[in-house]
1. Assuming 1.002 mPa s and 20 °C, estimate D for the stretch 1-50 with Stokes-Einstein, Rh taken as the Kirkwood radius over Cα pairs, in µm²/s.
2. Fewest Cβ neighbours within 10 Å first, please rank 10, 46 accordingly.
3. On C-alpha positions alone, give me the angle between the axis of helix 36-45 and the longest principal axis of the chain, in degrees, nearest 10.
4. What's the angle, to the nearest 10 degrees (0 to 90), between helix 18-30's Cα axis and the longest principal axis of the chain?
5. Can you sort 61, 74 by how many other beta carbons sit within 10 Å, fewest first?
6. Using just the helices of the chain, give the 222 nm mean residue ellipticity in deg cm²/dmol: DSSP H runs with n ≥ 4 each add -39,500 (n - 2.57), and the total is spread over all residues, rounded to 500.
7. Sorting 34, 16 on the 10 Å Cβ count, fewest up front, what's the list?
8. By how many degrees, 0 to 90 and rounded to 10, does the Cα axis of helix 76-87 deviate from the longest principal axis of the chain?
């Protein structure tokens with residue numbers, strides 16, 4: 001694992017279809033068909049396992065966060081994504097803005 005649950009649908013972990021399971025689990029949670037205990041366990045693993053914004057945004061943010069914390073340069077795709085976040089700042093959820101600020105991305 002990479003310290004988060006923002007994996008893609010096709011992610012497998014030790015042979016388990018983790019990505020598929022998360023897609024189904026998020027769907028059940030959004031439909032209110034999930035126990036509070038299970039929700040709490042998942043939130044303890046990753047507070048943003050089921051964000052109110054698209055999962056692809058969360059996956060890309062996790063990549064940017066990793067690069068930021070390790071000092072690795074951003075790929076061209078990640079640079080484009082970062083620029084988009086700056087120019088679309090006012091359309092982002094306030095928590096997305098807060099997450100971006102923690103890794104040095106601010107409105108542009």
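Values in this text are rule-based calculations from the coordinates and carry no lab data. Predicted model, so just to flag it, every value in this text is computed and none were measured. No Cβ is skipped: glycine too gets one built from the backbone with ideal geometry, and neighbour counts run over all protein chains shown.
1. On the way: Rh = 11.2 Å.
Using the Kirkwood radius from Cα pairs, D works out to 192 µm²/s.
2. Placing the least packed residue first, the sequence is 10, 46.
3. On a 0 to 90 degree scale, this one is about 40.
4. Once rounded, the angle reads 80 degrees.
5. 74, 61
6. Rounded to the nearest 500, it is -17000 deg cm²/dmol.
7. 16, 34
8. Relative to the chain, helix 76-87 is tipped by roughly 80 degrees.
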